[in-house]
1. Scanning region 231-245 for residues that are outside any helix (DSSP H, G or I) and open to solvent by less than 50 Å² (accessible area, probe 1.4 Å), which turns out farthest from N159 (Cα to Cα)?
2. Could you please give the count of residues in region 132-150 that are touching a helix residue (DSSP H, G or I) at 6+ places or on another chain (Cβ under 7 Å) and either within 11 Å of the ligand (Cβ to nearest atom) or polar (S, T, N, Q) (or both)?
3. Against the conditions (1) within 12 Å of the ligand (Cβ to nearest atom); (2) without any contact (Cβ under 8 Å) to a residue 40 or more places away in the chain; (3) hydrophobic (A, V, I, L, M, F, W, C); (4) surrounded by 21 or more Cβ atoms within 10 Å (Cβ to Cβ), where does A248 fall short? Just the number, please.
4. Any idea which of (1) away from the ligand (no atom under 13 Å from the Cβ); (2) over 21 Å from M134 (Cβ atoms); (3) in contact (Cβ under 8 Å) with a residue 12 or more places away in the chain is the one L40 doesn't satisfy?
5. Scan (1) in contact (Cβ under 8 Å) with a residue 24 or more places away in the chain; (2) open to solvent by 30 Å² or more (accessible area, probe 1.4 Å) for the single condition M228 breaks and write down its number.
6. Kindly indicate which of V69, V86 is away from the ligand (no atom under 14 Å from the Cβ), in contact with a Gly (Cβ under 7 Å, 6 or more places away or on another chain) and open to solvent by less than 30 Å² (accessible area, probe 1.4 Å).
7. Which one is nearest to A73 (Cα to Cα), of the residues in region 8-59 that are in contact with a Phe, Trp or Tyr (Cβ under 9 Å, 6 or more places away or on another chain) and of a type in the set (K, R)?
Amino acid sequence: MIPPFNYKVPNTIEEAIELLWQAGGKAKIIAGGTDLVIGLRNGDLSPQFIIDITKIEDLRKIVEKNGTVSIGAAVTHSEIASSSLVKKYGKVLSDAASEIGSPQIRNMGTIGGNIINASPAADTIPPLMVLNAMGRVVSKEGEREVPLGQLFKGPYKTNLKPHDLLVQITFQKLPPETKSSFVRLARRDAMAIARMSVAIVLQMEKRKSRIKDIRISAGSVTPTPQRMSEAETFLKGKSPDEESLQKASLKVSEAMIKRSGIRASTAYKRPVVEALFMRAMRKALEG
Ligand SMILES: Cc1cc2nc3c(=O)[nH]c(=O)nc-3n(C[C@H](O)[C@H](O)[C@H](O)COP(=O)(O)OP(=O)(O)OC[C@H]3O[C@@H](n4cnc5c(N)ncnc54)[C@H](O)[C@@H]3O)c2cc1C
């Protein structure tokens, strides 16, 4: 049984951070509830207050401004998947959002909840890593802009304090010629958490068929979300032929092992992350 709690529904960011501050660490934020309610049901969480942020209009908008796109923390995956702004300037994210869970989960689950739950398998995180996204966090103590990767301490752990509220995620618009892809491996297409995923954005040189710039991130392969910088550096300036891609795929799996160590799962994960990377590269190049 879920223990009793006080349910608060602020209408503004200011009200929400005041409530979080007054609760002195005894509150949990709820957005879609698709992760939180599981924690409440199985007894992992027993907050005195639950603060529902879904009525705060400022957290529910997708806004284009000064070459950037900002997504409010309480925007749902369905809204991201169908946003013309995100499709145009950060397609890797709308592609990922459209593959999350099921229509019901996408209609309830939010980008902020996906980030702060900090699951290594969270589908929006590798795309946000390759978009160089920044998170804006506010509390009664002030406001800060944090590169997405720095929000995480470990699996299911963030650097946020209990009274912090993630309000939005911002990324620079990708140029129109950008190619991108998101691929995930799961037991089924729907209603299954990804075993591993890879997100890529890349730009090709205008005349020569060489890679000008590339960003790669993989989900569920490192303790905290990271970019695969060794493979990125290797591929820059190269033609994306089969030989270069194969070599880069080894750099991706080597980076995974360097950052996570050799584990029981490594024998499985090494070839799979290499294959997923190859699939993601081919999809991006074709796209
Ligand atoms: C059946 C099922 C299938 C799923 N499939 C997938 C999938 O395919 N891919 C995937 O990535 N995930 C999946 N999930 C997980 C979940 O749906 C997502 O992580 C979702 O985005 C969580 O968002 P939410 O709004 O429901 O978060 P909530 O459950 O409301 O919150 C999650 C956590 O984040 C905190 N929080 C929420 N918003 C904020 C904020 N703005 N500031 C600070 N803290 C905040 C909450 O306090 C809580 O700790 C699935 C879940 C279920 C139940």
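1. First, the residues of region 231-245 that are outside any helix (DSSP H, G or I): 236-241.
Now restrict to residues that are open to solvent by less than 50 Å² (accessible area, probe 1.4 Å): 237, 239-240.
Values: G237: 36, S239: 39, P240: 37 Å.
It comes out as S239.
2. Residues meeting the conditions: 3.
3. Result: A248 fails condition (1) only.
4. Here L40 clears every test but (1).
5. Evaluating M228 over (1) in contact (Cβ under 8 Å) with a residue 24 or more places away in the chain; (2) open to solvent by 30 Å² or more (accessible area, probe 1.4 Å) leaves (2) as the failure.
6. One residue alone meets the criteria, V69.
7. Out of the qualifying residues, it is K28.
Conditions tested, residue by residue: (1) of a type in the set (A, V, I, L, M); (2) within 18 Å of L165 (Cα to Cα); (3) touching a residue at least 12 places away in the same chain (Cβ under 8 Å); (4) open to solvent by 30 Å² or more (accessible area, probe 1.4 Å).
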{"residue": "P47", "(1), (2), (3), (4)": "no, yes, yes, no"}
{"residue": "I50", "(1), (2), (3), (4)": "yes, yes, yes, no"}
{"residue": "L59", "(1), (2), (3), (4)": "yes, yes, yes, no"}
{"residue": "K65", "(1), (2), (3), (4)": "no, no, no, yes"}
{"residue": "V75", "(1), (2), (3), (4)": "yes, yes, yes, no"}
{"residue": "V92", "(1), (2), (3), (4)": "yes, no, yes, no"}
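The values are calculated or read from the model by the stated rules, or taken from the named source; none is laboratory data. Every value quoted in this text rests on a predicted model; they were computed, and no experiment measured them. Note that each Cβ is placed from the backbone with ideal geometry, even for glycine, and that neighbours are counted across all protein chains shown. We work out accessible area using only protein heavy atoms, side chains counted, and drop any ligands, DNA or RNA first. Shrake-Rupley method; radii C 1.70, N 1.55, O 1.52, S 1.80 Å.
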